[in-house]
Amino acid sequence: MWVQRTSEEIAKWHEATEREARSHGRIIAGVVWVLVPVLLAGGWFVSFRAGFAVQRNFWGSFWLRLPVFAVLAWPFAWFVFRRESKNELAKIHRRIICPKCDTAAEGEAGVSCHCGGIFVSQSTVKWIED
């Protein structure tokens with residue numbers, strides 16, 4: 001059964017979703033920060049748009065290039081962290097639930113459900129077992 005959250009529970013929900021979004025951003029940025037320097041230090045140029053990967057020879061050895069490309073990739077990883085955290089938080093805040101039929105969706109609260117109920121924001125309700 002869906003019941004209304006108290007204002008303290010809503011505040012805790014918002015804090016938890018912010019932590020979840022930052023965690024998601026850290027994971028994606030970490031993957032980017034590991035993969036980009038390794039690919040660049042290995043001499044690989046990858047074009048996702050054109051759909052190919054080419055290996056080129058650069059100066060020095062792999063182990064010499066790796067820390068250089070890791071430092072250069074750090075600002076890009078920071079940008080990815082900020083962008084992914086923001087997008088994930090927006091996605092979480094778009095979650096809505098129809099308490100009448102338990103249908104979940106993404107969108108704006110107040111929209112009518114096919115069952116005749118009204119969607120409410122996930123932040124305002126919680127599930128209680130009977």
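What residues qualify as long-range amide H neighbours of Val125, i.e. H under 5 Å apart, gap of 5 or more or another chain, H built at 1.01 Å from N?
Residues meeting the amide H criterion: Arg5.
Roughly how far apart, in whole Å, are the Cα centres of region 79-130 and region 1-44?
Using only Cα atoms, the two centres lie 18 Å from each other.
At a probe size of 1.4 Å, how large is the accessible area of Leu66, to the nearest 10 Å²?
40
Taking R0 as 22 Å, what's the FRET efficiency between His93 and Leu39 from their Cβ-Cβ distance, rounded to 0.05?
Efficiency, from the Cβ-Cβ distance: 0.05.
Counting only the backbone N, which residues of region 77-111 are under 12 Å from the spot 7 Å out from the Cα of Thr6 toward its beta-carbon?
Label zone hits: none.
Return the long-range amide H neighbours of Ala109 (sequence gap of 5 or more, or a different chain), with a cut-off of under 5 Å between placed amide H atoms.
For Ala109, no residues qualify.
Which whole-number percentage describes the relative contact order of region 72-127, with Cα contacts under 8 Å and a sequence gap of 6 or more?
28
Calculate the translational D of region 1-41 in whole µm² s⁻¹ from Stokes-Einstein, where the hydrodynamic radius comes from the Kirkwood formula applied to all Cα pairs, the temperature is 20 °C and the viscosity 1.002 mPa s.
169
Using a 1.4 angstrom probe and counting only protein chains, how large is the accessible area of Trp59 in Å², to 10?
About 140 Å², ignoring ligands and nucleic acids.
Across region 84-91, in residue order, what do the Karplus-derived ³J(HN,Hα) couplings come to in whole Hz, using 6.51 cos²θ - 1.76 cosθ + 1.60 with θ = phi - 60° and x for Gly and Pro?
5, 4, 5, 5, 5, 5, 5, 5
Can you find, among Ala29, His14, Phe62, the residue sitting farthest towards the positive end of the charge dipole of the chain, where Lys and Arg contribute +1 and Asp and Glu -1 at Cβ?
Phe62
Which values of log₁₀ I(q)/I(0), to two decimal places, follow from the Debye formula for the chain at q = 0.11, 0.20 Å⁻¹ with a uniform point scatterer at every Cα?
Results for the chain at q = 0.11, 0.20 Å⁻¹ read -0.60, -1.09.
How much solvent-accessible surface does Lys100 expose, in Å² to the nearest 10, with a 1.4 Å probe and all protein chains in place?
140
Given the DSSP H assignment, sum -39500 (n - 2.57) over each helix run of at least 4 residues in the chain and divide by its residue total; what's the result at 222 nm in deg cm²/dmol, nearest 500? Write down the numbers at each step before the final one.
Numbers: 2 runs with 67 residues, N = 130.
Here the helix-only value at 222 nm equals -19000 deg cm²/dmol.
The values are calculated or read from the model by the stated rules, or taken from the named source; none is laboratory data. These numbers come from a predicted model, not from an experiment. Glycine gets a Cβ as well: all are built from the backbone with ideal geometry, and neighbour counts include every protein chain shown. Side chains included, ligands, DNA and RNA excluded: accessible areas come from the protein's heavy atoms. Shrake-Rupley method; radii C 1.70, N 1.55, O 1.52, S 1.80 Å.
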